[in-house]
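Just below is one structure, and these are the notes that go with it.
The values are calculated or read from the model by the stated rules, or taken from the named source; none is laboratory data. For clarity, every value in this text was computed on a predicted model and none was experimentally measured. All Cβ positions, glycine included, derive from the backbone under ideal geometry; neighbour counts span all protein chains shown. SASA here: full protein model, heavy atoms, side chains in, ligands and nucleic acids out. Shrake-Rupley method; radii C 1.70, N 1.55, O 1.52, S 1.80 Å.
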Amino acid sequence: MNSTEKEIYYSVNNSYSTLNALTKDTKNVWFVCHGMGYLSRYFIKYFKGLDPNENYIVAPQAQSKYYLTPKFKHVGASWLTRENTEIEITNVLAYYDAIFEKEQLISDKNLIVLGYSQGVSVAMRYVAKRQLQCKQLILHSGGIPNELIPEDFQFYNGSTTLVYGTKDEYLTNERMEKELSKANMLFTDNLEVISFDGPHEVNVEVINKLV
């Protein structure tokens, strides 16, 4: 008996989180993509230190949720796996499109796109695929997708900041050299590298200094 894997298209509902209010006084709009194991409503709390009058934060929620421990108490989520990756990337891009449309994020505000850990890959793919012109692209402790090439960012004239902890348990010296090499290849003169003395964690102090 032969099995066949097929595709089907359907509509889904998903949530996302926001922090502060988008007003005429807002200067910066942040689109922040969480890492694996997070939920957006918890991840967005890392941005509470930003001036609430000047910063509006939007945190999308990865669709694939799962229990983090065998006790089935805490829930986390993941953006992508190696399974059906291209299809899942398409789904994530469509979801981001819907958020941008609903929130009207393309405006006269400074757009800042941040990816943390696994969120780096989806954030970068969205900027590249949609040729999203943002003021800052922040790559915090995550891997740059191997398929991205300099031509993908020829349109981009914003700044890029790569942030990582010197004690990050996921970043060996060899891995860090590869990530720095890829970042320099993609962004050349528009790249700033910031390291901090710490493990694989969101560094609020660095984030608060980036605006």
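What does the accessible area of L139 come to, in Å² to the nearest 10, when a probe of 1.4 Å is used?
10
Give me the dipole magnitude in Debye, nearest 20, for region 89-133 about the Cα centre, with unit charges on the beta carbon: positive for Lys and Arg, negative for Asp and Glu.
Details: 5 positive and 4 negative charges, 30 e Å.
In total the dipole reaches around 140 debye.
GNM on the chain, C-alpha springs below 10 Å: top fluctuator among R125, R41, R82?
Of the options given, R82 has the highest mean-square fluctuation.
Lys/Arg Cβ at +1, Asp/Glu Cβ at -1, dipole of region 1-55 taken about the Cα centre: which of I8, N20, W30 is farthest positive-ward?
With unit charges placed on the Cβ atoms, the residue in question is N20.
At I194 and E5, where each label point lies 7 Å from the Cα along Cα→Cβ, what is the point-to-point distance in nanometres?
About 4.0 nm separates the two model spin labels.
If you stretched the chain out fully between N208 and K129, how much longer would it get, using 0.36 nm times the residue separation minus the C-alpha to C-alpha distance?
Value of the extension gain: 25.7 nm.
Taking the Cβ-Cβ separation of S181 and E201 as r and a Förster radius of 35 Å, what is the calculated FRET efficiency to the nearest 0.05?
Details: r = 24 Å, r/R0 = 0.69.
After rounding to 0.05, the efficiency reads 0.90.
Using a 1.4 Å probe on the protein heavy atoms, what percent of the accessible area of region 77-139 belongs to carbon and sulfur? Don't skip to the end; give the middle numbers.
Values: 1300 of 2880 Å².
Roughly 45 percent, rounded to a whole number.
Among F153, T166, G142, whose Cα lies farthest out toward the positive end of the dipole of region 136-180, if unit charges sit on the beta carbon of Lys, Arg (+1) and Asp, Glu (-1)?
Looking along the dipole axis, the top candidate is T166.
Which of S40, S195, S11 moves most in a GNM of the chain, Cα contacts under 10 Å?
With Cα springs under 10 Å in the chain, the top fluctuation among S40, S195, S11 is at S11.
Where a ≥ b ≥ c are the square roots of the eigenvalues of the C-alpha gyration tensor, would you call the chain rounded, which needs a/c under 1.5, or, failing that, prolate if a/b is larger than b/c, or oblate?
Working: a/c = 1.30, a/b = 1.16, b/c = 1.11.
In terms of gyration-tensor shape, rounded.
Under a point-charge model restricted to the Cβ atoms of Lys and Arg (+1) and Asp and Glu (-1), what is the dipole moment magnitude of the chain relative to its Cα centre, in debye to the nearest 20?
Details: 21 positive and 25 negative charges, 139 e Å.
The calculation lands at about 660 debye.
Write down the accessible area per residue of the chain in Å², having rolled a 1.4 Å probe over the full set of protein chains. Display every interim value, and only then the final one.
Numbers: 12260 Å² over 211 residues.
Spelled out: the 1.4 Å probe surface of the chain, per residue, equals 58 Å².
Leaving out same-chain residues fewer than 8 places away, which lysines sit with a Cα under 27 Å from that of K65?
Qualifying lysines at Cα under 27 Å: K6, K45, K48, K73, K102, K129.
Which value in nm describes the separation of the simple spin-label points at N53 and V75, placed 7 Å from the Cα toward the beta carbon?
Going by the 7 Å Cα→Cβ label model, 3.7 nm.
With all protein chains present, how much of the accessible area of region 147-211 (probe radius 1.4 Å) comes from carbon and sulfur, to the nearest whole percent?
On the way: 1760 of 3850 Å².
Carbon and sulfur atoms account for 46 percent of the accessible area of region 147-211.
Let me know the Kirkwood hydrodynamic radius for region 121-202, please, with Cα pairs as the basis and the value in Å to one decimal. Kindly include the intermediate steps, with their values, before the conclusion.
Working: mean 1/r = 0.0769 Å⁻¹.
Its Kirkwood hydrodynamic radius stands at 13.0 Å.
Could you identify which residue out of V75, V113, V58 has the top mean-square fluctuation in a GNM of the chain using Cα springs shorter than 10 Å?
Its mean-square fluctuation being the largest, the pick is V75.
Regarding region 80-170, what are the three Cα extents along the principal axes, ordered largest first, in Å?
The Cα atoms of region 80-170 stretch 39, 31, 26 Å along their principal axes.
Simple spin-label model, 7 Å along Cα-to-Cβ: E101 to T85 in nm?
For E101 paired with T85, the spin-label model returns 2.8 nm.
Can you compute the charge dipole magnitude of region 5-71 about its Cα centre, using +1 on each Lys and Arg Cβ and -1 on each Asp and Glu Cβ, nothing else charged? Give it in debye, rounded to the nearest 20.
Numbers: 8 positive and 5 negative charges, 51 e Å.
With only Lys, Arg, Asp and Glu charged at Cβ, the dipole is about 240 debye.
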